[in-house]
1. Tell me, please, whether a residue that is over 24 Å from residue 59 (Cα atoms) and outside any loop (DSSP other than H, G, I, E, B) can be found in the stretch 141-148.
2. Would you check if residue 113 is surrounded by 14 or more Cβ atoms within 10 Å (Cβ to Cβ), closer than 22 Å to residue 145 by Cα and of a type outside the set (Phe, Trp, Tyr)?
3. Filter the stretch 121-170 for residues that are closer than 12 Å to residue 20 by Cβ and of a type in the set (D, E, K, R); which is modelled with the highest pLDDT?
4. Any chance the stretch 35-58 includes a residue that's more than 19 Å from residue 169 (Cβ to Cβ), of a type in the set (Asp, Glu) and under 11 Å from the mean Cα position of the chain (by Cα)?
Amino acid sequence: MSDPRAAVPRTVVVMGVSGCGKTTVGVALAQRLGSRFVDADDWHPAANVAKMHAGVPLDDADRAPWLARLNAVLRHAAARGQPVVLACSALRGRYRDALAERLPGVRFVFLHGPFETIARRVAAREHRYMPASLLASQFAALEPPADAIALDVDAPVEAIVDAAERALRG
């Protein structure tokens, strides 16, 4: 068993498709680790929000400035010695690379589950701009990471956070 006092990475990204529980798990994990929580949804420019609200998936050109902005937030926190848990879809490898640029030791926690399970969750919630109709495009864009801590969304939040913390303390 790993030492529960072992250091965790200063920057953790909780990732996955819309409705997988990134914010819920991210908030709980940040509290557990004594980290600041950042929700990537809060950093989208108005044009991205309008596009998603209209049911139009974002493309790489839409995401690039948003990812650069998130990277700047993470680098600023790292420069100040502030640990951060970021909830961000980070669906493609190049998006994760953009988030982690010039940030050694970033760890990704990948929340995954079957389309049907996550579609039920999305249908049961009200998101401020992400319609359920975009879930299929998120699954289509998803490039599951090989080097992330992969956790199934079917587990209770507390169990997911426990597993993430154990893996991060590794």
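The values are calculated or read from the model by the stated rules, or taken from the named source; none is laboratory data. The structure presented is a predicted model; accordingly, all values stated were derived computationally and were not measured. Because the Cβ atoms are built from the backbone with ideal geometry, glycine has one as well, and the counts that use them run over all protein chains shown.
1. No, because not a single residue in the stretch 141-148 is over 24 Å from residue 59 (Cα atoms) and outside any loop (DSSP other than H, G, I, E, B).
2. Answer is yes for this residue.
3. Checked the stretch 121-170; the qualifying residue modelled with the highest pLDDT is 152.
4. Yes - at least one qualifying residue is present in the stretch 35-58.
Matching residues to (1) part of a loop (DSSP other than H, G, I, E, B); (2) on the phi > 0 side of the Ramachandran plot; (3) surrounded by fewer than 21 Cβ atoms within 10 Å (Cβ to Cβ); (4) aliphatic (A, V, I, L, M):
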{"position": "12", "(1), (2), (3), (4)": "no, no, no, yes"}
{"position": "26", "(1), (2), (3), (4)": "no, no, no, no"}
{"position": "29", "(1), (2), (3), (4)": "no, no, no, yes"}
{"position": "55", "(1), (2), (3), (4)": "yes, yes, yes, no"}
{"position": "69", "(1), (2), (3), (4)": "no, no, yes, no"}
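Per-residue answers, yes or no, for (1) more than 15 Å from residue 14 (Cα to Cα); (2) without any contact (Cβ under 8 Å) to a residue 40 or more places away in the chain; (3) in contact with an Asp or Glu (Cβ under 8 Å, 6 or more places away or on another chain):
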residue	(1), (2), (3)
134	yes, no, no
145	no, no, no
148	no, no, no
154	yes, no, no
157	no, no, no
163	no, yes, no
170	yes, no, no
